[in-house]
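Structure first, commentary second.
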Amino acid sequence: MNTLLDLSDRLYLDVADFAHATPHWFQWLAEVWTEAGLLLFGALFLAGWWRSREGSSRAMALALLAPLATAFGYVVSEALKSLVDEDRPCRAVVGAPDSLITCPPYGDWSFPSNHSAIAGAAAIALALSWRGIVWLTVPMALLMAFSRVFVGVHYPHDVTVGLLLGGLVAFLLMRAAVRPVGALVETARSSRSSAVVWCAGRGPRAHAPARAEDLPRARHGAY
């Protein structure tokens with residue numbers, strides 16, 4: 001265990017030295033991305049909900065569950081963080097250069113990384129609810145996790161565990177809850193409230209072309 005922690009310390013120092021050697025504009029981008037990535041995930045949640053309004057009840061259930069699963073991933077990460085009480089590397093690692101952003105105060109613990117847990121959970125949740133988007137969300141999550149080490153506020157093992165923990169929590173929650181939430185979506189789509197129906201979407205049947213047997217039969221006139 002100590003060997004792995006020593007390796008994490010060395011990797012942290014390598015990334016910190018690399019960060020200070022990069023141009024200021026690149027450092028600024030990393031600082032912005034470490035927070036802006038969360039906003040982009042939020043925008044993807046909204047887009048996923050909107051595109052699912054004409055989809056199946058299962059598709060809408062997954063779209064609704066995606067942000068909830070991400071939030072739950074954060075809660076689990078925060079609970080673990082309060083148990084471990086690992087100090088931030090920007091204070092604990094001897095000889096480390098100054099972090100690019102302000103080092104969080106003592107008591108704002110380092111392990112695991114909440115940002116990485118949120119990113120990992122969002123990446124998996126969106127991948128489950130939006131076919132093909134995994135090629136966008138996983139690189140986003142990896143970049144966000146790396147950015148937390150790059151700006152100097154997390155160890156590599158913090159972000160690695162955060163990513164895996166968030167992704168696992170989101171996967172398990174969405175798999176367990178998709179059926180009951182899908183049933184709620186079905187109920188909402190048959191509601192008399194237009195606002196509820198608008199939020200849940202009308203589903204694919206509202207936009208399906210009429211079948212031939214549903215059309216009124218043409219009357220044939222006598223010749």
### Query
Given springs between every Cα pair under 10 Å in a Gaussian network model of the chain, which of PHE26, PHE45, PHE171 has the largest fluctuation?
PHE26
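Mind ranking SER194, SER77 by accessible surface for me, highest first, 1.4 Å probe?
Working: SER194 90, SER77 0 Å².
Largest accessible area first, the residues go SER194, SER77.
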## Note on the structure
Plugging the Cβ-Cβ distance of ARG202 and TRP25 into 1/(1 + (r/R0)^6) at R0 = 41 Å yields, to the nearest 0.05, a FRET efficiency of 0.30
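Expressed as a whole percentage, what fraction of the accessible surface of the chain belongs to carbon and sulfur atoms when a 1.4 Å probe is rolled over the protein heavy atoms? Intermediate results must be reported in sequence, preceding the final value.
Working: 8570 of 13100 Å².
Result for the chain: 65 percent of the exposed heavy-atom area is carbon or sulfur.
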### Contour minus Cα-Cα distance for LEU83 and ALA176 (0.36 nm per residue)
30.8 nm
#### Entry: Cβ-derived FRET efficiency at R0 30 Å, ALA71 paired with SER193, nearest 0.05
0.75
## Note on the structure
Largest fluctuation, GLY107, GLY166, GLY182 only, Gaussian network model of the chain with Cα springs under 10 angstrom, belongs to GLY107
### Task
Give the label of the value calculated from the structure for semi-axes √(5λ) of the Cα gyration tensor in Å, choosing from (i) 48, 18, 13; (ii) 36, 29, 13; (iii) 31, 19, 18.
(i)
### Message
Quick check: with the 1.4 Å probe, what order do ILE133, ILE124 take by accessible area, largest first?
### Response
ILE124, ILE133
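The values are calculated or read from the model by the stated rules, or taken from the named source; none is laboratory data. What you see is a predicted model; the values in this text were computed from it and never measured. So basically every Cβ, Gly included, is an ideal-geometry build from the backbone, and we count neighbours across all protein chains shown. The protein model used for the area step is the full one, side chains on, heavy atoms only, and it has no ligands, DNA or RNA in it. Shrake-Rupley method; radii C 1.70, N 1.55, O 1.52, S 1.80 Å.
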